[in-house]
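Novice: Below is a structure I'd like to ask you about.
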Amino acid sequence: MFWLSQNQNGRLFLLGCPLELTPREYGILMSVIRRYPGAALIEDICKDNKGLGPCSVPVHITAINKKAARIGGRKLIIARRGSGYILNRFM
């Protein structure tokens, strides 16, 4: 994923620009990345991120996508009905 990188300090960059995420958003994104090229189910994301409820996952993913769209013009994470969440490989 050449469009998404991480420096030595753990800071994420999208298309070379810093992607400022909250710790919760960062955890969710890492859950989706770990399962790439497959899909991450809400249950998987909640297991990876202690204290996260299934109803709040779409809210956090929307926030991640808004921040990513400001940089790259597109969503970073795509919801696949019945399959879970996947990374947008066309970012």
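Quick note: the coordinates plus some simple rules give every number you see, no bench work behind them. Here the structure is a predicted model, which is why all the values come from computation and not from measurement.
Novice: Taking the alpha-carbon distance from Lys67 and a cut-off under 12 Å, which aspartates and glutamates remain once sequence neighbours fewer than 8 residues away in the same chain are dropped?
Specialist: Glu20, Glu25
Novice: Once amide H atoms are placed 1.01 Å from N in the peptide plane, what residues at a sequence separation of 5 or more from Leu4, or on another chain, have their amide H within under 5 Å of its amide H?
Specialist: HN-HN under 5 Å from Leu4: Leu15.
Novice: Once fully extended, how much extra length lies between Glu43 and Arg80, figured as 0.36 nm per residue of separation less the alpha-carbon to alpha-carbon distance?
Specialist: Difference between extended and current length: 11.9 nm.
Novice: While we're on this one: Taking θ as phi - 60°, what are the ³J(HN,Hα) couplings along segment 47-59 by the Karplus curve (6.51, -1.76, 1.60), each to the nearest whole Hz, with x for Gly and Pro?
Specialist: With the stated coefficients, segment 47-59 comes to 5, 6, 10, 4, x, 8, x, x, 6, 8, 4, x, 5 Hz.
Novice: Return the sequence-ordered ³J(HN,Hα) values of segment 15-26 in whole Hz as given by the Karplus equation 6.51 cos²θ - 1.76 cosθ + 1.60 applied to θ = phi - 60°, using x for Gly and Pro.
Specialist: Result, ordered by residue: 6, x, 9, x, 9, 7, 10, 6, x, 5, 4, 4 Hz.
Novice: Continuing with the same structure: In square nanometres and to one decimal, what's the mean projected area of the convex hull around the Cα atoms of segment 21-87?
Specialist: 4.1 nm²
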